[in-house]
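**Q** Here's a structure for you.
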């Protein structure tokens with residue numbers, strides 16, 4: 001089974017972004033995940049923001065599919081990752 005990739009598009013001085021990164025570090029100890037941190041002002045970050053238009057940061061994608069914006073819903077993410085491959089694009 002492939003390892004899911006969680007992409008976090010983060011902004012400077014964003015407390016929800018720091019919280020999401022800490023939560024993903026903890027989750028990575030429980031489940032096999034790959035975490036990609038992308039600065040919102042990078043070329044990749046700007047492209048993802050342009051596609052998904054989040055009203056808050058962080059923008060979180062799971063295997064390229066929109067998952068959340070703003071505060072990371074930890075239980076929802078854990079349940080999604082534990083259930084198997086992600087196939088629900090936004």
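**Q** Please determine, in degrees from 0 to 90 and to the nearest 10, the orientation of helix 43-52 with respect to the longest principal axis defined by the Cα atoms of the chain, where the helix direction is its Cα long axis.
**A** With both axes taken from Cα atoms, the answer is about 80 degrees.
**Q** Please label the shape of segment 6-52 as rounded, prolate or oblate, based on the square roots a ≥ b ≥ c of the eigenvalues of the alpha-carbon gyration tensor (a/c under 1.5 means rounded; beyond that, a/b larger than b/c means prolate, else oblate).
**A** The shape class here is oblate.
**Q** As an exercise, take the mean of 1/r over every pair of distinct alpha carbons in the chain, invert it, and state the Kirkwood radius in angstroms.
**A** That comes to 13.0 Å for the chain.
**Q** What FRET efficiency do you get for residue 75 and residue 37 if R0 is 25 Å and r is their Cβ-Cβ distance, rounded to the nearest 0.05?
**A** The calculated FRET efficiency here is 0.70.
Every read-out reported here was derived from the displayed coordinates using simple, explicitly stated rules and does not represent laboratory data. Treat the numbers as computed from the prediction; the structure is a model and nothing was measured. As a convention, Cβ positions derive from the backbone with ideal geometry for all residues, glycine included, and neighbour counts pool all protein chains shown.
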